[in-house]
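One structure is given below, encoded as structure tokens.
Nothing in this text is a laboratory measurement; each read-out follows from the coordinates by a stated rule. Keep in mind it's a predicted model, so treat the numbers as computed, not measured. Cβ atoms come from the backbone with ideal geometry, glycine included; neighbour counts cover every protein chain shown.
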Amino acid sequence: MKSNKSLHTILPSKYPIIQAPMFGVTTPEMVAAANRANCLGSLALGDLNADKCIEQIRKTKELTDQAFIANIFVHQLPEVNHDLIEHYNTTKLYIEQLAKEHHLDVKIPEFEEIKLNSYHEQIDAIIAENCKIVSFTFGNLDDDSIHKLKANDILTIGTCTSLEEALLLEKSGIDILNIQGWEAGGHRGSFKDHDIPKIGGLALLNTIKEHVQNPLIYSGGVTNARIISAVKKMGADGFQIGSLLLNSEESALHEFEKNKLSSIKEDDIVLTKSFSGRYARGIKNTFIEKVEQSNYILPYPYQNKLTNELRKVAKLNKNSEFTSNWIGQSIPKLSRESTTTILNNLINEIETFD
Ligand SMILES: Cc1cc2nc3c(=O)[nH]c(=O)nc-3n(C[C@H](O)[C@H](O)[C@H](O)COP(=O)(O)O)c2cc1C
């Protein structure tokens, strides 16, 4: 463990500001643009297979000479049994019917056709591509993976949503902890997918700071210098910026999705398992309302695989009632400028704030 070192001395970027990994939103262009602002970009690799990870990493390397974070999902697969397969089949029928009622022509794959990737192949790809920083969410890496990463001198950043998770990461030798407050947009990084901790960012940072020596990154609602100043005083060493960049020039979101995000109100934002089987924070829509009232939610990653085609078809049809529109509780003013400009503006604000 690298105890009590400031993030500055560990991370290669000039400012301890990290562009959050946002699978489906982050692009290699966004990572390079964050690096151009002297921040640290994160490439979201989600649960992509090794070949796709390599493709994304190489694309990013063509755009930036600086180091960036490779981010992966570390989840446990549920046991496959008769009940799971039956639940999949009934959920498939329900969602195909729901899509049809809303004029979306969706063909969901059969259970046997689903391909699941393990994070182990991603780690091998990341090592082979000579990435130097890995962050992860949804759980902890196994000992073999941690050992492999350390042997290759790769810095590890684990996401935690409770003190218990923070202590587990610390104990297994993870270098830096990413504290994800309840406010954060997108998926909860909790180690389990039910009865998850629901701890606000400041309470969580305060508790973890008292018990853990590792450098701490704070995520969730970081949108301006005021919050950065506050969490810095409380002991955060780095700041992860997610929702603020959703509508940036380099975001993969389509125009209709950016427009939707620009017009939301506080009570439009909900936590839902309906799209992926894991809790995530975003804008409520018809899909969430219908599925939350039903029994048709499978454990992650099966629900995610099952709704994948629906989300794709809804995107093509510019129908945000059936896409997942993740965003955090802070609802920042969403700029269409480049990630570099948004982060440069934030840095200027920080420098004049205190
Ligand atoms: C659209 C979206 C996608 C996300 N995808 C990921 C991801 O792939 N990996 C990850 O570790 N966190 C992911 N997150 C969480 C962010 O990395 C970050 O913790 C969160 O955005 C911080 O809260 P904020 O949105 O209030 O800034 C995602 C968040 C959003 C909004």
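Quick one: among A236, A151, A99, which has the greatest mean-square fluctuation in a GNM of the chain with alpha-carbon springs under 10 angstrom?
Comparing A236, A151, A99 in the GNM, the peak value goes to A151.
Tell me the relative contact order for the chain as a rounded percent, counting alpha carbon contacts under 8 Å between residues six or more apart.
Value for the chain: 20 percent.
Subtract the Cα-Cα distance of E112 and S172 from 0.36 nm times their separation in residues, and report this length gain in nm to one decimal.
The span from E112 to S172 would gain 18.1 nm if fully extended.
In degrees, nearest 10, range 0 to 90: what is the angle between the Cα axis of helix 82-101 and the longest Cα principal axis of the chain?
With rounding to tens, the tilt is 80 degrees.
With contacts defined as alpha carbon pairs under 8 Å and 6 or more residues apart, what's the relative contact order of segment 43-97 in percent?
For segment 43-97, the relative contact order is 42 percent.
Going by how many other Cβ atoms sit within 10 Å of their own, how do D47, D143 line up, fewest first?
The most exposed by this proxy come first: D143, D47.
Measure nothing but the geometry: give the 0 to 90° angle between the long axis through the Cα atoms of 119-128 and the longest principal axis through the Cα atoms of the chain, rounded to 10°.
With rounding to tens, the tilt is 40 degrees.
Would you kindly calculate the translational diffusion coefficient of segment 40-181, applying Stokes-Einstein with the Kirkwood radius from alpha carbon pairs, for 37 °C and a viscosity of 0.692 mPa s, and quote it in µm² s⁻¹ without decimals?
Diffusion coefficient, whole number: 190 µm²/s.
Report the Rg/Rh value for the chain, based on alpha-carbon coordinates and the Kirkwood definition of Rh.
Using only Cα positions, Rg/Rh for the chain is 0.95.
What is the distance in Å between the Cα centres of segment 10-55 and segment 137-159?
17
State to the nearest 20 debye the size of the charge dipole of the chain about its Cα centre, where the only charges are +1 on K and R beta carbons and -1 on D and E beta carbons.
The dipole of the chain has a size of about 760 debye.
Report the charge-dipole magnitude of segment 173-225 in Debye, nearest 20, computed about the Cα centre from +1 at each Lys and Arg Cβ and -1 at each Asp and Glu Cβ.
Charge dipole, segment 173-225, about its Cα centre: 60 debye, nearest 20.
With a cut-off of 13 Å, note down the residues of segment 155-193 whose backbone N falls inside the zone around a label point 7 Å from the Cα of D143 toward its beta carbon.
Output list for this probe position: 172-173.
Could you give the spread of the C-alpha atoms of segment 1-100 along their three principal axes, from largest to smallest, in whole angstroms?
Here the spans come out as 52, 34, 24 Å, largest first.
Taking the Cα centre of segment 142-298 as the origin and placing charges on Cβ (Lys, Arg +1; Asp, Glu -1), which of N247, I217, I264 is farthest toward the positive end of the dipole?
Comparing the listed Cα positions along the dipole, I264 ranks first.
Counting other beta carbons within 10 Å of each residue's own, what order do K52, K312 fall into, fewest first?
Exposure proxy ranking, most exposed first: K312, K52.
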